[in-house]
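Novice: One structure, as structure tokens, below. Some questions next.
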Amino acid sequence: MARKAPARRKLASRSKRSRQTSRKSSARGAAPAVDLVEIPKAKWDAAKARERWVKAAIRRGIEPVAREAGCTERTLGRWIARYRLNPTLLTLIPRRRGPTSGSRRLEPKREDIVSAAIETWRKSREPIPISRAIEEVARLAKTRGVKSVARGTVVRRLAELVRVPKSARTLRQRVDETPRTRRALGVVQADHTVVDLVVVDELERRPIGRPWITIIFDIATRVVLGFHVSLEAPSATSVGLALTMACLPKARWLKEVGVDVDWPFCGLPEVLHLDNAVEFHSEALRRGCNRYGIELTYRPRGRPHTGGHIERYLGTLMRRVHGLPGTTFSNVKARGKYPSEKRATLTLRELETWLTLEIAGRYHSAIHRGLHCSPTDAWRRATEGAVPGPPKNPESFTVDFLPLVHRKIGRGGFQLFHIRYWDPLLPRIFPSSQRQIVRFNPRNLSRVWVAVPERREYIPVPYADLRRPPISQYEQEAAIREIMAAGRRTANEDILFATIERQRQLIDKARSTTRTRRLRSRRPSKVLPNNGEIAVPDRGGTSIDFSRPPTPYRSERWSR
């Protein structure tokens, strides 16, 4: 009896551990139930033999029975523990080696951290990215002093715990759909958003509304390549101007805004990744990208997560904007009773300066949590090899992304927006009428660009009457609407400019409202009102006397 006591204590100890292990296994999910006839004969015979050894071990002890059965004491102890929990033959059916389906290998503390982070992720009503749950796991692990959990483990837990409709794609597929590259300028994303800030006009410093911003973002290095801010809704022009800033050196831009920072990132991207907005499908953008070898790719419809890089940065930038006077915050609830319009102080130009300092001065030098270094350092590492350089002809590159129309051009010039355009070079280039591409800037129609046949260049063509002031396309369309409302079926150039001048004078004399201030902001910068009068456009010190009769060029003397 004294000899068997240690064995019984050992059996009881092992059985206790085995029962605990078995309870954990059963809690995590046992082997799926099958019909008796589906069990192979070999496994059924093995289970019957195990049952005999288990009953014998319970009566006589583990050690002698284990020697007779030809197995280890530990294995026999597991059989006993499983049989005691469920004393049927099925519990002793041989199982497949390895962890059971649904089992967990993480320690309880780390498993609790993952569960807590996923629960927070699930409760959010906003479609926050998976990376937010991964960051929360790392934060909780650091707080509790345990080792963090791998990204793949968190993604698998999310796929198991989050109830996704059958029609939806799995979380792993969502992660795989996100564009990835390690090459600078390999994949560049573009997107718009309304700035959470009310800006004021240049003259009266009164609020005129919230502007739009277009961002060009490199996903490999997380640098901002360029941006464009405007009160106009996103269009092909805003996309082209933002892309122009992204691809060209920014020394001139930094000098214009008066900011002394380093912003060396530029070059032609390989792929431009866009959403499915109308302005991203414009002919001007498509042709410009084709000319410079930029591949256009679009997000799959209904999968906004594929643009997560730039979407997240836009959210980060707006949180920085929330610290400026006149902010509207991200929603009405967050805004509360804050008087955004009363506190507004920044003009559109001052906002551009602040954005330049925020992006080039702070963001590019700060440590990025996803990169574990600053975007500037990431760019330097990624550009150790050769990268596409900036375009050789900056002016031509800018023009290539402006909106375009087709016009028949001849010796006498051409008409566009009810305005005649002419240049002395046109009779030499177009001795006979030809249909060509004409590009224009909707913000200033005083000059357009005509494509030269068989040559990859444009020539600037001004108004035929140089006395005309610069106007915007918005002003031209408003004048045409007024002319048509007065009962006229057609409009000539004189009536058009007279109507625009009358509209400007009415706006300048009208009571100062948000609408009138916004209308003034749509004018080209050189024709802002000065003491209630329309300013004469700056000719850059020209010595031409417009009161004298013109002297025609030799090419203008037509034979009758």
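The values are calculated or read from the model by the stated rules, or taken from the named source; none is laboratory data. On a predicted model such as this, the values are computed, not experimentally measured, just so you know. Counting neighbours? That spans all protein chains shown, and the Cβs are built from the backbone with ideal geometry, glycine included. Ligands, DNA and RNA are excluded from the accessible area calculation, which covers all protein heavy atoms including side chains. Shrake-Rupley method; radii C 1.70, N 1.55, O 1.52, S 1.80 Å.
Novice: Within the stretch 318-366, restricting attention to residues that are among the aromatic types (Phe, Trp, Tyr) and at pLDDT 90 or above, which residue is most open to solvent (accessible area, probe 1.4 Å)?
Specialist: Restricting attention to the stretch 318-366, the residues satisfying the condition of being among the aromatic types (Phe, Trp, Tyr) are 329, 338, 354, 363.
Applying the additional criterion that residues be at pLDDT 90 or above yields 354, 363.
Working: Trp354: 56, Tyr363: 21 Å².
Ranking the candidates gives Trp354 first.
Novice: Exactly one of these conditions fails for Lys408: (1) in a strand (DSSP E or B); (2) at pLDDT below 85. Give me its number.
Specialist: Tallying (1) in a strand (DSSP E or B); (2) at pLDDT below 85, Lys408 fails exactly one: (2).
Novice: A further question follows. Any chance the stretch 283-291 includes a residue that's open to solvent by 50 Å² or more (accessible area, probe 1.4 Å), modelled with pLDDT under 85, assigned to a helix (DSSP H, G or I) and acidic (Asp, Glu)?
Specialist: Yes.
Novice: Among the numbered criteria (1) within 30 Å of Ile208 (Cβ to Cβ); (2) over 19 Å from the mean Cα position of the chain (by Cα); (3) not small (Gly, Ala, Ser), which one does Cys373 miss?
Specialist: Exception for Cys373: condition (1).
Novice: Please determine whether any residue of the stretch 359-367 is in contact with a Lys or Arg (Cβ under 7 Å, 6 or more places away or on another chain) and either of a type outside the set (Asp, Glu) or over 16 Å from Met318 (Cα atoms) (or both).
Specialist: no
Novice: Moving to a separate point now. If you take the residues of the stretch 415-425 that are without any contact (Cβ under 8 Å) to a residue 40 or more places away in the chain and within 25 Å of Thr499 (Cβ to Cβ), which of them is surrounded by the fewest Cβ atoms within 10 Å (Cβ to Cβ)?
Specialist: The selected residue is Gln415.
Novice: Still on this model: Just checking, does the stretch 346-359 include any residue being more than 15 Å from the chain's Cα centre (by Cα) and closer than 19 Å to Ile219 by Cα?
Specialist: Taking every residue of the stretch 346-359 in turn, at least one turns out to be more than 15 Å from the chain's Cα centre (by Cα) and closer than 19 Å to Ile219 by Cα.
Novice: Give me the pairs, please: first residue somewhere in the stretch 135-148 and surrounded by 12 or more Cβ atoms within 10 Å (Cβ to Cβ), second residue anywhere and basic (Lys, Arg) and in a helix (DSSP H, G or I), beta-carbon distance under 6 Å, and either six or more positions apart or on two chains.
Specialist: From the stretch 135-148, the pairs are Val146/Lys109; Val146/Arg110.
Novice: Could you list all residues from the stretch 411-456 that are of a type in the set (D, E, K, R), part of a strand (DSSP E or B), touching a Pro at 6+ places or on another chain (Cβ under 9 Å) and over 15 Å from Pro470 (Cβ atoms)? Explain how you work it out, then say what you get.
Specialist: Applying the first criterion (of a type in the set (D, E, K, R)) to the stretch 411-456 yields 411, 420, 423, 428, 435, 439, 443, 447, 454-456.
Checking which are part of a strand (DSSP E or B) leaves us with 420, 435, 439, 447.
Narrowing the set further to residues that are touching a Pro at 6+ places or on another chain (Cβ under 9 Å) leaves 439, 447.
If the condition is that a residue be of a type in the set (D, E, K, R), part of a strand (DSSP E or B), touching a Pro at 6+ places or on another chain (Cβ under 9 Å) and over 15 Å from Pro470 (Cβ atoms), then Arg439 is the only one that fits.
Novice: For the stretch 319-334, what are the residues that are among the small types (Gly, Ala, Ser), touching a helix residue (DSSP H, G or I) at 6+ places or on another chain (Cβ under 9 Å) and under 17 Å from Leu346 (Cα atoms)?
Specialist: Selection gives Gly326 alone.
Novice: Follow-up. What number of residues within the stretch 198-229 are in contact (Cβ under 8 Å) with a residue 24 or more places away in the chain and in a strand (DSSP E or B)?
Specialist: Counting residues in the stretch 198-229 that are in contact (Cβ under 8 Å) with a residue 24 or more places away in the chain and in a strand (DSSP E or B) gives 17.
Novice: Which residues, taken from the stretch 246-263, are in contact (Cβ under 8 Å) with a residue 24 or more places away in the chain and either outside any helix (DSSP H, G or I) or within 12 Å of Pro391 (Cβ to Cβ) (or both)? Step through it out loud before you land on a result.
Specialist: Kept after step one, since they are in contact (Cβ under 8 Å) with a residue 24 or more places away in the chain, are these residues of the stretch 246-263: 246-250, 253-254, 257-259, 261-263.
Across the stretch 246-263, the qualifying residues are Ala246, Cys247, Leu248, Pro249, Lys250, Gly258, Val259, Val261, Asp262, Trp263.
Novice: What are the residue pairs meeting all of these: first residue in the stretch 92-110, first residue within 15 Å of Arg156 (Cα to Cα) and open to solvent by less than 50 Å² (accessible area, probe 1.4 Å), second residue of a type in the set (Phe, Trp, Tyr) and at pLDDT below 70, Cβ atoms under 7 Å, and 6 or more apart or on different chains?
Specialist: Listed pairs, sorted by first residue: none to list.
Novice: Just to check your reading of the model, which residue among Thr297, Thr306, Thr316 is within 23 Å of Asp377 (Cα to Cα) and among the β-branched types (Val, Ile, Thr)?
Specialist: Just a single option satisfies the conditions, and that option is Thr316.
Novice: So which residues in the stretch 435-491 are more than 33 Å from the chain's Cα centre (by Cα), hydroxyl-bearing (Ser, Thr, Tyr) and modelled with pLDDT of 85 or more?
Specialist: Ser446, Tyr463
Novice: I need the full set of residues from the stretch 177-216 which are buried (at least 21 other Cβ atoms within 10 Å of the Cβ), in contact with a Gly (Cβ under 9 Å, 6 or more places away or on another chain) and at negative phi, in order please.
Specialist: Hits for the stretch 177-216 are Ala184, Gln189, Asp191, Leu197, Val198, Val199, Val200, Thr214, Ile215, Ile216.
Novice: Only one of these conditions is not met by Leu241: (1) touching a strand residue (DSSP E or B) at 6+ places or on another chain (Cβ under 6 Å); (2) in a loop (DSSP other than H, G, I, E, B); (3) open to solvent by 30 Å² or more (accessible area, probe 1.4 Å). Which number is it?
Specialist: (2)
Novice: Can you find a residue in the stretch 103-111 that is within 28 Å of Leu371 (Cβ to Cβ), part of a loop (DSSP other than H, G, I, E, B), modelled with pLDDT under 75 and within 57 Å of the chain's Cα centre (by Cα)? Outline the logic, then answer.
Specialist: Applying the first criterion (within 28 Å of Leu371 (Cβ to Cβ)) to the stretch 103-111 yields 106, 110.
Adding the requirement that they be part of a loop (DSSP other than H, G, I, E, B) leaves 106.
With modelled with pLDDT under 75 added as a condition, the list becomes none.
No.
Novice: Also, quick follow-up: Which pairs do you get when a residue that is surrounded by fewer than 12 Cβ atoms within 10 Å (Cβ to Cβ), found in the stretch 426-440, comes within reach of a residue that is assigned to a strand (DSSP E or B), reach meaning Cβ atoms under 9 angstrom, with the pair 6+ apart or on two chains?
Specialist: What qualifies is Pro431/Gly410; Ser432/Gly410; Arg435/His406; Arg435/Arg407; Arg435/Lys408; Arg435/Ile409.
Novice: Another question, then. Would you call Trp253 aromatic (Phe, Trp, Tyr) and open to solvent by 30 Å² or more (accessible area, probe 1.4 Å)?
Specialist: The answer is yes for Trp253.
Novice: Tell me which residues, restricted to the stretch 483-504, are open to solvent by 20 Å² or more (accessible area, probe 1.4 Å), under 18 Å from Arg468 (Cβ atoms) and free of Cβ contacts under 8 Å to residues at least 60 places away in the same chain. Reasoning before the result, please.
Specialist: First, pick out the residues of the stretch 483-504 that are open to solvent by 20 Å² or more (accessible area, probe 1.4 Å): 484-490, 492-495, 498, 501-503.
Checking which are under 18 Å from Arg468 (Cβ atoms) leaves us with 492-495, 498, 501-503.
Listed by number, the residues that qualify are Asp494, Ile495, Ala498, Glu501, Arg502, Gln503.
Novice: Of the conditions (1) at pLDDT 80 or above; (2) outside any helix (DSSP H, G or I); (3) open to solvent by less than 80 Å² (accessible area, probe 1.4 Å), Ala116 satisfies every one except a single condition; which number is it?
Specialist: (2)
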